[in-house]
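Below is one structure; the comments refer to it alone.
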Amino acid sequence: MAEEMVPGHANLIAFRLPDGTLSTDAAAPAGTAAYRARCSCGWAGTSDYPAAEEGRWMATSEWGGHIRPILAATPPGWLLVRSDTLRDNVAELATTWPLQALGVLAEVERWQRPLIERAVTAAREAGLSWAEIGKALGISRQSAHERFRNVAPSKPPT
């Protein structure tokens, strides 16, 4: 299987066989008639591409169009690792030094709200919808709008 750029999303190339079926073998089987873009999430491209190296590149490019918006909304792995480490360390600290853990959590709370508001404002200025912002925050479109409508500008007209 191909390396996943985002959990649940790996570039898979399907091979159109002469009988019209799609094969997902690791390598192109003999008699491959065309390439088709696929993703490990279940998404499939809309076109068959020539059974040549340029066809493989075309299928990969189509998959790139599928992954681009997903990748744009996915936090960098290195930052998630640091976030997980902080969470685990504070949880451990809370068992032995609860007052220190509370101090760390109070500090995080002091800076996280303004950072969220800054990111929401930047997202709105970039033309993103409340649905997209809500999805990134793990809340509904309506909740995102109600929570941030006073700090984020209206979406610019298109």
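Here are Ala72, Ala94: which of them is more than 25 Å from Ile133 (Cβ to Cβ), of a type outside the set (Phe, Trp, Tyr) and either touching a Gly at 6+ places or on another chain (Cβ under 9 Å) or surrounded by fewer than 17 Cβ atoms within 10 Å (Cβ to Cβ) (or both)? Quick ask: steps written out before the conclusion?
Details: Ala72 fails: more than 25 Å from Ile133 (Cβ to Cβ).
Exactly one of Ala72, Ala94 is more than 25 Å from Ile133 (Cβ to Cβ), of a type outside the set (Phe, Trp, Tyr) and either touching a Gly at 6+ places or on another chain (Cβ under 9 Å) or surrounded by fewer than 17 Cβ atoms within 10 Å (Cβ to Cβ) (or both), namely Ala94.
Might you let me know whether region 27-40 holds any residue that is surrounded by 13 or more Cβ atoms within 10 Å (Cβ to Cβ), among the hydrophobic types (A, V, I, L, M, F, W, C) and within 20 Å of the chain's Cα centre (by Cα)? Before you say what the answer is, go through the steps one by one.
Restricting attention to region 27-40, the residues satisfying the condition of being surrounded by 13 or more Cβ atoms within 10 Å (Cβ to Cβ) are 28, 32-40.
Right, trim to among the hydrophobic types (A, V, I, L, M, F, W, C) and you get 28, 33-34, 37, 39.
If we keep only those that are within 20 Å of the chain's Cα centre (by Cα) as well, we get 37, 39.
Checking region 27-40: at least one residue is surrounded by 13 or more Cβ atoms within 10 Å (Cβ to Cβ), among the hydrophobic types (A, V, I, L, M, F, W, C) and within 20 Å of the chain's Cα centre (by Cα).
Among the residues of region 109-138, write down those that are surrounded by fewer than 14 Cβ atoms within 10 Å (Cβ to Cβ) and either at positive phi or not acidic (Asp, Glu) (or both). Step through it out loud before you land on a result.
Going residue by residue through region 109-138, those that are surrounded by fewer than 14 Cβ atoms within 10 Å (Cβ to Cβ) are 109-115, 118, 122, 125-127, 131, 138.
Selection gives Arg110, Trp111, Gln112, Arg113, Pro114, Leu115, Arg118, Ala122, Ala126, Gly127, Ala131, Gly138.
List every residue pair whose Cβ atoms sit under 8 Å apart, with the two residues 6 or more apart in sequence or on different chains, where the first one lies in region 110-137 and is over 13 Å from Phe148 (Cβ atoms) and the second, anywhere, is in a loop (DSSP other than H, G, I, E, B).
Close Cβ pairs (under 8 Å, with a partner that is in a loop (DSSP other than H, G, I, E, B)) amount to Gly127/Lys155; Gly127/Pro156; Gly127/Thr158; Lys135/Ala73.
State which residue is farthest from Val6 (Cα to Cα) when the search covers only region 27-57 and only residues that are in contact with a Ser or Thr (Cβ under 8 Å, 6 or more places away or on another chain) and not in a loop (DSSP other than H, G, I, E, B).
By that ranking, first place goes to Arg36.
When the residues of region 1-26 are filtered to those that are in a loop (DSSP other than H, G, I, E, B) and at pLDDT below 75, which remaining residue is farthest from Pro50 (Cα to Cα)? Before the answer, list the steps.
First pass over region 1-26, keeping only residues in a loop (DSSP other than H, G, I, E, B): 1-3, 7-8, 17-21, 24-26.
Cutting the leftovers down to at pLDDT below 75 gives us 1-3, 25-26.
On the way: Met1: 22, Ala2: 21, Glu3: 24, Asp25: 17, Ala26: 18 Å.
Residue satisfying both the conditions and the ranking: Glu3.
Report, by residue number, each residue of region 45-69 that is surrounded by 15 or more Cβ atoms within 10 Å (Cβ to Cβ) and of a type in the set (A, V, I, L, M, F, W, C).
Correct list: Ala51, Met58, Ala59, Trp63, Ile67.
The values are calculated or read from the model by the stated rules, or taken from the named source; none is laboratory data. Computed from a predicted model, the values in this text were never measured in an experiment. For neighbour counting, all protein chains shown are included, and Cβ atoms are generated from backbone atoms with ideal geometry for every residue, glycine included.
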